[in-house]
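First up is the structure itself, then whatever we jot down about it.
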Amino acid sequence: MKTDRLNSDKNFVKINRRRFLNQFVIGSAGLLSGCAIPVRQRKVALFRFLQLNDTHADADAGKEAYEKANEKVRWLIAAAASGQYFERPDFVIGIGDLIHGERIGNLGTDLRLFSEMLKPLCVPFYPVVGNHEVIQQEGNPKYEQAYREVFGNDRLNYTFRHGGLLFIVLNNSGACCVGPAIVKARNDWLHNELELAHDVPKIILCHVPLIPLREEAVLAKSFGFKSYMDRDGDTLKIVEEHADSVIAVLSGHLHLTGVVQRNGVYHVSVSGTGSYPCDFACYEVFNDRIHVRVHSLSRKLLTPGTNIHGKPRYKIDYTDADHPTHELYIRGNQAERDFEIHLQGKKRLPSL
């Protein structure tokens, strides 16, 4: 088994200098003689999408709520709609824990609030079930009812296509604590979808990561819950059996940002906006690569006190061998915040 850990960190800025310069050169090509433009600069993205997760919208906004959680959601949705801080996405994926929930009586009100927050978006939104949407009760109709009422009966395990890429949305919201029958049903569905589209490049979206995104012994302590990864190894096995066409698994849940490449599949987890470091991710998809850039929210919305991997939750700030400072431990190193996934073979997309 080959495992490569990627590392990253870049500050979020309103204007991306490199993109501005590239656009200037391209736009001025007819005016400048003898100015060769590299092929890569001339390429235009097939499409873009935005990942948000672990937003923890809370209609009650009581003492259990994450600080500024609702304000953060509204800022990010407005930013995606306006294109002021980053280019407008073609669609948005919400990879779980969109609401705080916590109690079954809160699920409906929190989900309806989140749905209202999405109204300015004006592009498709694809939700993924997180543990907070169903309080870990994956497969339980009583706990899934509010989610179904807001997003639809066809938005638990489902697929959608965009620009030649297949997205497989997998509900593993009960990854740590549901019975074998539920897990088998989930894995049977996943296996069937992968087999039906075995030659199509694809990305899997699930809330709980399939592998540890930090040193496992350290992550188990810093996260504090046994769901730091999907405990069912068969899900990962099924994914890796189709590694020739599965590009990446995108997730959240951990409240930290990290990337690990394992057996040809990229596992990308973003901290989400609810707690520090308050991250979201933008993806630019080309036929031969995907450029991933992780951003933090605007400075006024950063909430260091909501960090769950160190003080004040613990007496220490956790680190591991690849992340020697606590800030790097939660934010990820440079190559975990700005990197490219190169597409070859079955993973390559058709050009425009």
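Where a number appears in this text, it was derived from the coordinates with a stated rule and is not lab data. Bear in mind that the values here come from a model prediction, so they are computed numbers and not experimental data. For neighbour counting, all protein chains shown are included, and Cβ atoms are generated from backbone atoms with ideal geometry for every residue, glycine included.
Scan the stretch 210-285 for chymotrypsin sites (Phe, Trp or Tyr not before Pro) in coil per DSSP, keeping those whose Cβ has at most 14 other Cβ atoms within 10 Å, and list them by number.
Phe225
With θ set to phi - 60° and the Karplus curve 6.51 cos²θ - 1.76 cosθ + 1.60, what are the ³J(HN,Hα) couplings of the stretch 283-288 in order, to the nearest whole Hz, using x for Gly and Pro?
10, 10, 9, 10, 5, 10
Treat the count of other C-beta atoms within 10 Å as a stand-in for reagent exposure and order Asp90, Asp97 from fewest to most.
Ascending Cβ contact count within 10 Å gives the list Asp90, Asp97.
Over 24 Å between Cα atoms, which of Lys142/Lys184; Lys237/Lys311; Lys142/Lys221 qualify?
Listed pairs above 24 Å: Lys237/Lys311; Lys142/Lys221.
Using only helices, what value at 222 nm comes out for the chain when you add -39,500 (n - 2.57) per DSSP H run of length 4 or more and divide by the total residues, to the nearest 500 deg cm²/dmol?
Computed ellipticity for the chain at 222 nm equals -8000 deg cm²/dmol.
Please compute the contact order of the stretch 42-342 in relative form: average sequence separation of alpha-carbon pairs under 8 Å and at least six residues apart, divided by the residue count, as a percent.
Rounded, it is 18 percent for the stretch 42-342.
Testing the spin-label approximation: label points 7 Å from Cα along Cα→Cβ at Glu116 and Asp154. State their distance in nm.
Computed distance between label sites Glu116 and Asp154 equals 2.8 nm.
Hey, could you get me the Stokes-Einstein D for the chain, Kirkwood radius over alpha-carbon pairs, 10 °C and 1.306 mPa s, rounded to whole µm² s⁻¹?
My calculation gives 77 µm²/s for D.
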